[in-house]
Amino acid sequence: QNYDTFVYIMMVEELGLMPPDPDETWLGPAKNGCVTFLSFVLFGSVPLLAYVVHIIATPSHFNQLATPDATFGIGIALTAVTMFALGVATTPFSTRKWYFSGLFTLLNGALAALASYGIAAAIAAIFRTDEHGRYLIDSLNPLDVAATPSSSAVAAAAPSGGA
């Protein structure tokens, strides 16, 4: 009987979602896409600021402080602050407390970073190379002819240059 009211109450009160704006035209999705893209560019460049400062500070007398480890740590700290700030910025669009939204977004970003780091470390462990760039697992190197069993058979069957 009051289906629209029921859906509104479920969305806002129980799920913490805001209903869509009925006045939104076709520009809504395009505007949302542009805002999302610009947000990725803006907030995605924040961790790189530590490296930009590192490059600028290296020639100066502060280069003792601008070690790669310190720069990486500063990049992590800037990323954590940015993720928390993004979570806090989502507070007006939900019914959560500001600190809960910030911590949730920070935790979500940290888990995503750990997962991607773990996957990259596993791939690097599988495809390790020696100092000459050869794979440590022979079957993974298609250019290493000496490691293939057929190369010895070809060498034995090849005619010698004599009479």
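Just to be sure before I move on: is Phe93 open to solvent by 80 Å² or more (accessible area, probe 1.4 Å), touching a strand residue (DSSP E or B) at 6+ places or on another chain (Cβ under 9 Å) and touching a residue at least 12 places away in the same chain (Cβ under 8 Å) in the structure I sent? No; evaluated as a whole, the condition is false for this residue.
List the residue pairs whose Cβ atoms are under 6 Å apart, where the first residue sits in the stretch 107-129 and is surrounded by 13 or more Cβ atoms within 10 Å (Cβ to Cβ), the second is among the aliphatic types (A, V, I, L, M), and the two are 6 or more positions apart or on different chains. Hits for this filter: Gly109/Met83. Taking the criterion of being more than 24 Å from the chain's Cα centre (by Cα) and under 16 Å from Ala110 (Cβ atoms), no residue of the stretch 74-100 qualifies. Could you please find all residues in the stretch 82-112 being among the basic types (Lys, Arg) and modelled with pLDDT under 90? Across the stretch 82-112, the qualifying residue is only Arg96.
When restricted to residues that are more than 18 Å from Ala112 (Cα to Cα) and either modelled with pLDDT of 85 or more or surrounded by fewer than 13 Cβ atoms within 10 Å (Cβ to Cβ) (or both), the stretch 49-73 contains 15.
The values are calculated or read from the model by the stated rules, or taken from the named source; none is laboratory data. Every value quoted in this text rests on a predicted model; they were computed, and no experiment measured them. So basically every Cβ, Gly included, is an ideal-geometry build from the backbone, and we count neighbours across all protein chains shown. The protein model used for the area step is the full one, side chains on, heavy atoms only, and it has no ligands, DNA or RNA in it. Shrake-Rupley method; radii C 1.70, N 1.55, O 1.52, S 1.80 Å.
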